[in-house]
Each structure stands twice: as structure tokens, then as C-alpha cells.
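One structure is given here, and the rest of the page talks about it.
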Amino acid sequence: MRLISIPKDKYDEYRLNVIFDCYKWDPQFLDNNTIAKHVLVITKEEHEELMKYTESLDVETRAAEEFLNKNLKFAKKLALPKKLSRELRNMKNYSPDKHVRLMRYDFHPTIEDKWAISEVNSDVPGGFAEASLMPQAAKDVINMEELWHKNFGDILTNAIAKKVKVNGTIMLVHCTSYSDDRQVMQYLGDKLKKMGFKIIYAAADHLNFKNNEAFSILDGNEGKVDGIVRFTPLEWLIDIKPKRWQGYFDTITPSCNHPVAIFAQTKRFPLIWDLLEKSGLKLDTWRELLPETIEVKDAKNKEGFIYKPACGRVGEKISIKEACVEGEYEKILKDVKKHPKKYLAQKRFNSKPLVSDEGENYHVCLGSYSVDGKHAGYYARISKTPRIDSNAADIPVLIEGGIAL
């Protein structure tokens, strides 16, 4: 794994291409540029190892969530929000083969020359265009023909097309006031539209459910919906308070992702592994790659543990002290003490930084997608701190060697 610098005289044009041709409409976070000046190149061997790990993790994760869906008593320790927990009993008609199951496992290289995973983005992983279009844009400017990439967008849309009727109507559910959400849905919608589908861009409350089927109530787009792609996180639905959000849990309309994703989405998922393994489930790959994870109360007086919010996203509120801004670390610890069930404690792994051609160190989070159990490409971010958060930059991933399918 290495970083290749984009030539300085080509970077500005590359950045504009990424913004206007690759759907990267949010190229800044505060004063930070979030379009990396580098390309992440992984070896063929690293790719094959990551692909194997991803698919193995996926088998274990999907088996666990299907078991939990039929045995909800085991899910109590997940401490999900009460309003969400009440709806879990309505998922009894969930049939995995009817829906598209999308996940992204976040890998990090360690100083021991191994891989560690920090989490699985089980509910609504993003980075669609960055994983599909940015690699080709980068390849065009670094002029290295031997490098290649998996086109995640092609894999996902083909999977959706297999589950939704030909030329059917697909609603792309997202927070419509956020450009960073819309860019994900616009990329996906443009691809699906070219495949013959009718696309509706809508918010969570623009769906109604009758007899477990989804119907659009958006003005000018009323009628039955044949597929749902949800980019609004489940826990956000509680705060948004749409009138009909419960219908997502028992709909038979093909969905990506179905709310069954919530079991693995919470970072408290490892806290029930012992119970799952006693019931016959295998979690060997998870055990190998995820650092020790325990309750907050059990981490008292233990060294080397950090705190993570159970429903956190984009690296928020993770207590890596040197990555926190002034006053943030103390604020996190105060919140952990006040709401221990909303957090977990996890053994900190030693992230191995990559050194750029300019001599700068960057920490890497390499997100590896799975779609219906198969590896589907990469979305990566780099940061000058070990915490990969909103300040991190999106970086395209290219692979050395021949294409390994």
C-alpha cells in the first residue's frame, strides 16, 4: 500500500473534474480541502486479502442479523433507542433474497503490518461516486495504465436491477436539504435512469405504506414504488419524525438497505458476540480483525481503551485525544459518564501512517464494500491524525496487477 502524488500542475484540473464530473459537490469541510492530492495504491495481494476478509465478514454479519431478527431477546444488550426497538418485531417478514444488502467494512493498516477494522457501515454507507468515478479521474492524470479499480456504482446498480422489476419506479430516500446526501443519490439516480428506471428523489416522509407495499405521496410523483434506496439513517428517522416511518420495517417492497441493518450498525454489536456464539454462530473473522470491545463500565482503570458512540458516524465523538480540538476530549468524557449506554469502550489499535512523496504522514481508512455478499470495491479517506473524521480527505483507490474478480 502506498501513496502516489497527483502532479501539482494537474491537481487543480483534477479537483474541478472531481467536483463537476464525479459528483463531489462537498469539496470542503470548514477550511479543509477534502479532495486528496494523492492516490492510494494497493497491491494485488492486499486486494485479494481484503476481498477475502470482506466476504467472510459479510457471511458472519448477515447470519447474525438474520438470527437476531428471529431471536430479539438477544438484541436487548444493543441498547437501541426505544422507538427503534419497538419496531424490530415488525421485521418478521424480512426475506434476504428480496432486498439488496449493502455494507462497507472500514479497514486500517497497523504498525504490526496487519489489518484492523474499526466498524461496519451496515445501514447507509456512502462514498458511491468517490468509489466509482474518482479512481478513473485519478488514473487519467497519473498516467499509470497498469492500475485498475472496481466500479462500485456498476456493481450496486446491477444488484438493484436484479431485485426491482424492469423499468420500475425507485425512490431514493435521503435528507433533501443536504447537498452531500443529494450528490450520492444523484449519482445513483443518474445511473439507474440510464438503465430504464423511473427515479424519484424524496425525503423519508414521502412514502406511504399500504399492505406492506410502498407508495409515493410526493406531489406529481404519486403511485406505487417498486424499489427503495434509503440513505437516511434509521436513528435519524426518530428525530425527523415522519408520520409513516414505521412502514420501512415491514415493507415487502425491495429495499437497499432494509432496517435489519440496525443490528450490526450499532457499535455495541460486539457486546453480544458471546451470546451469538453460544447459539452456534461463527464470528471468527470479526474476532480476528476488530479490537476488543467492552462496556464503558468495564473499561474503568484499563489502559489503552478509547470511547466510541454507539450510533456515531464519520468519526464523531471518538476519544482519540491527540485528534480532538480544544475542549472536545473533556466534553466527550463528560458525555460518556452521563450516558454510558450510548457509548462503548474499544481497545485502541496502532494505525500505521503512510508517508507521501512530500514526506508527510497520513493515516488511512480503507472502506471495503460488499453487495449481496460479494466484494464490490473501495472507498478510502486519509487524515493527518489517527481519527478519520469529517476533516479527512477522500482519496481514490487503484489496484496493482491483473483484475481479480
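What percent do you get for the relative contact order of the range 292-347 when only Cα pairs under 8 Å and 6+ apart count? It would help to have the intermediate numbers written out before the result.
Working: 66 pairs, mean separation 31.8, N = 56.
Computed value for the range 292-347: 57 percent relative contact order.
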Problem - Protection-proxy order for peptides 276-285, 102-111, each taking the mean of Cβ atoms within 10 Å per residue, highest first - result: 102-111, 276-285
Practice task
Report the residue, chosen from D389, D219, D26, that carries the largest GNM mean-square fluctuation when the chain is represented by alpha-carbon nodes joined by springs under 10 Å.
Solution key: D219
Practice task
Please find, in a Gaussian network model of the chain (springs between Cα atoms separated by less than 10 Å), the residue of K374, K77, K37 whose mean-square fluctuation is greatest.
Solution key: K77
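Take each of the peptides 48-58, 297-307, 81-91, average the number of other beta-carbon atoms within 10 Å over its residues, and list them starting from the highest. Provide the component values of the computation, followed by the final result.
On the way: 48-58: 18.5, 297-307: 13.6, 81-91: 15.4.
Highest to lowest by the protection proxy: 48-58, 81-91, 297-307.
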Exercise for the section: Output the peptides 245-252, 157-164, 287-294 sorted from most to least packed, where packing is the average of other Cβ atoms within 10 Å over each peptide's residues. Expected result: 245-252, 157-164, 287-294
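Is there a quick way to get the dipole size of the chain? I mean about its Cα centre, with the Cβ of Lys and Arg at +1 and of Asp and Glu at -1; what is the value in debye to the nearest 20?
Around 2040 debye, computed over the chain.
Report for the chain the percent antiparallel among DSSP-assigned beta bridges with both residues inside it, nearest 5. It would help to have the intermediate numbers written out before the result.
Numbers: 47 of 62 bridges.
Restricted to the chain, the bridges split so that about 75 percent are antiparallel.
Tell me what the chain gives for mean residue ellipticity at 222 nm when only DSSP H runs of n ≥ 4 count, each as -39,500 (n - 2.57), the sum divided by the residue total, rounded to 500 deg cm²/dmol. It would help to have the intermediate numbers written out before the result.
Numbers: 12 runs with 122 residues, N = 405.
Rounded to the nearest 500, the figure is -9000 deg cm²/dmol.
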Practice task
Please work out the C-alpha center-to-center distance from the range 7-57 to the range 221-257 and express it in whole Å.
Solution key: 30 Å
Handout entry: Computed E for N71/D21 - FRET, C-beta separation, R0 51 angstrom, nearest 0.05
Key = 0.60
Completion exercise
Within the set K317, K44, K114, GNM on the chain using Cα springs under 10 Å gives the largest fluctuation to K114
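Values in this text are rule-based calculations from the coordinates and carry no lab data. Everything numeric in this text was worked out from a predicted model, so none of it was measured. Using ideal geometry, Cβ is built from the backbone for each residue, glycine included, and neighbour counts are taken over all protein chains shown.
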